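The values are calculated or read from the model by the stated rules, or taken from the named source; none is laboratory data. Quick caveat: nothing in here was measured; it's all calculated off a predicted structure. Note: ideal-geometry Cβ built from the backbone for every residue, glycine included; neighbour counts use all protein chains shown. Note: accessible area is taken over every heavy atom of the protein model, side chains too, but ligands, DNA and RNA are not part of it. Shrake-Rupley method; radii C 1.70, N 1.55, O 1.52, S 1.80 Å.
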Amino acid sequence: MYVASPPPSEAAGLINAGKKRGLVVVVGVCEVSYSGRAAASLGPGRRLVIIKRDGTLLVHEAEKAQPRIWNPPGSSTAAYVEEGRLVVKSVRQRPFEIVRVVFHAVDFVAAFEVSSTDLVLVGTEKDLVEALVRNPSFIEEGLEIVGVEVPVEAGHVDILARDKEGRYVVIEVKRDLATHEAVFQLARYVETYKRKGHAARGVLVAGDISASAYEYLKRFGLQFVKVNPRELTVATYKSTTEK
């Protein structure tokens, strides 16, 4: 449903009917005011107003990703005509907040049936650990995974493995930049196994490592393996979903 340059009464009817379908988009010259926990206003200007089925209202301008003014899901939105102009009013009850958009001119109103689906997030630190467990050769050839999130005195070992020589390999995983804190944590985990009489060594796996962390890593006799978290996790995700 798309109508160009509708009169205020027709625009109000389209908005009120269309918001039940999924998404309403309105473009035109408008003034916007917000009142509630604070106060804000935007003078006359051409803007994009989006109204969603869940009550969300967003007022966008030509720049930046975030809306200039908005009301969250759960708000109530209604369109009506006041003094010959289209008004879109959004009310949030708790906390009480009002967004009021007064249009001087409406370029177009469009309503769309859009769906709501669950977001599949790929590339988290947990995904990276799972990808490495499925493909331990990315860390080192010949590794045998012993466990994941293995509890020790100082916390939990992300991945515990054994190398070709039978030594424990304590693996700490960081998705982004590894700092000295990750190195100290890994060193404590390795020391825990050594105190119990096990032959053990540590490997830090991360997207990158800070200069200071790398210096500490060498002092403790630990290793660093650099990976591309996004490529590794996405590749693993595709291989599992295609089976």
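Among the residues making up the stretch 76-106, those that are assigned to a strand (DSSP E or B) and farther than 21 Å from GLY22 by Cβ are TYR80, VAL81, GLU82, ARG85, VAL87, GLU97, ILE98, ARG100, VAL102, PHE103, HIS104, ALA105. Within this structure, GLU130 fails the test of being part of a loop (DSSP other than H, G, I, E, B), surrounded by 13 or more Cβ atoms within 10 Å (Cβ to Cβ) and touching a residue at least 60 places away in the same chain (Cβ under 8 Å).
Could you please find all residues in the stretch 46-75 being of a type in the set (Gly, Ala, Ser) and open to solvent by 20 Å² or more (accessible area, probe 1.4 Å)?
ALA62, ALA65, GLY74
The single condition from (1) in contact with a His (Cβ under 9 Å, 6 or more places away or on another chain); (2) small (Gly, Ala, Ser); (3) assigned to a loop (DSSP other than H, G, I, E, B) that GLY28 fails is (3). Of all residues in the stretch 22-37, one or more are among the acidic types (Asp, Glu), on the phi < 0 side of the Ramachandran plot, open to solvent by 60 Å² or more (accessible area, probe 1.4 Å) and in contact (Cβ under 8 Å) with a residue 40 or more places away in the chain. GLU141 meets all of the listed conditions (1) of a type outside the set (Phe, Trp, Tyr); (2) buried (at least 17 other Cβ atoms within 10 Å of the Cβ); (3) closer than 30 Å to LEU204 by Cα but one, namely (2). Selection of first residues in the stretch 185-206 that are touching a residue at least 60 places away in the same chain (Cβ under 8 Å) and closer than 14 Å to LEU217 by Cβ and of second residues that are open to solvent by less than 10 Å² (accessible area, probe 1.4 Å) and among the charged types (D, E, K, R), restricted to Cβ pairs under 9 Å at least 6 apart or on distinct chains, gives the following pairs, ordered by first then second residue: VAL203/GLU172; VAL205/GLU172. Every condition in (1) at pLDDT 95 or above; (2) open to solvent by 30 Å² or more (accessible area, probe 1.4 Å) holds for ALA161 except the one numbered (2). Scanning the stretch 76-114 for residues that are open to solvent by 10 Å² or more (accessible area, probe 1.4 Å), under 16 Å from TYR34 (Cβ atoms) and small (Gly, Ala, Ser) returns a single hit, SER76.
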